[in-house]
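Read through the structure below, which is laid out as structure tokens, and then see the notes.
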């Protein structure tokens with residue numbers, strides 16, 4: 001099973017570019033990779049304007065022949081052919097797009113504060129269909145702040 005996520009870059013002009021990532025969307029997967037490899041303006045923008053990706057995590061054998069996982073650099077990412085970034089006019093339209101998807105995590109790099117913020121949807125079975133309670137899972141990246149507050153700006 002995959003943990004799907006959306007990764008976005010919000011420019012200081014308000015325009016937002018976003019991509020889809022199919023695997024490992026949780027905080028210790030995509031979230032950690034974003035902090036390790038894409039935690040600045042240039043790399044965050046480059047990531048979010050070059051189309052959808054499969055994963056941000058690679059595997060290799062370490063010196064002891066044990067599997068280790070690592071954050072993929074931009075050149076190592078597997079982009080889906082023909083699947084381009086989505087451009088959103090503002091944060092509201094990005095959030096609406098995200099809430100209508102089957103993605104669980106949304107990561108947003110803000111040019112304004114040069115930080116990553118994230119939001120998690122909790123999909124629940126309600127009256128035999130899936131729904132979500134968006135305020136239940138607004139999460140804090142301990143060193144970055146709340147996306148809930150970010151959306152108020």
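The values are calculated or read from the model by the stated rules, or taken from the named source; none is laboratory data. Computed from a predicted structure; not experimentally measured. Counting neighbours? That spans all protein chains shown, and the Cβs are built from the backbone with ideal geometry, glycine included.
Here are the numbers for this structure:
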{"item": "Residue match in the range 58-70 (condition: under 16 Å from the mean Cα position of the chain (by Cα) and not in a strand (DSSP E or B))", "result": "no"}
{"item": "Test: residue in the range 85-97 that is surrounded by 21 or more Cβ atoms within 10 Å (Cβ to Cβ), touching a helix residue (DSSP H, G or I) at 6+ places or on another chain (Cβ under 8 Å) and part of a strand (DSSP E or B)", "result": "no"}
{"item": "Breaking point among (1) in contact with a strand residue (DSSP E or B) (Cβ under 6 Å, 6 or more places away or on another chain); (2) surrounded by 12 or more Cβ atoms within 10 Å (Cβ to Cβ); (3) modelled with pLDDT under 90, for residue 116", "result": "(3)"}
{"item": "From 52, 39, 43, residue being surrounded by 14 or more Cβ atoms within 10 Å (Cβ to Cβ), within 18 Å of residue 113 (Cβ to Cβ) and free of Cβ contacts under 8 Å to residues at least 40 places away in the same chain", "result": "43"}
{"item": "Residue within the range 34-52 that is out of contact with any helix residue (DSSP H, G or I) (no Cβ under 9 Å at 6 or more places or on another chain), modelled with pLDDT under 90 and not in a strand (DSSP E or B) present", "result": "no"}
{"item": "Search result, residues across the range 59-84 that are over 17 Å from residue 38 (Cα atoms), exposed (fewer than 13 other Cβ atoms within 10 Å of the Cβ) and modelled with pLDDT of 90 or more", "result": "81, 82, 83"}
{"item": "Hits in the range 20-33 (condition: assigned to a helix (DSSP H, G or I) and surrounded by fewer than 20 Cβ atoms within 10 Å (Cβ to Cβ))", "result": "27, 28, 32"}
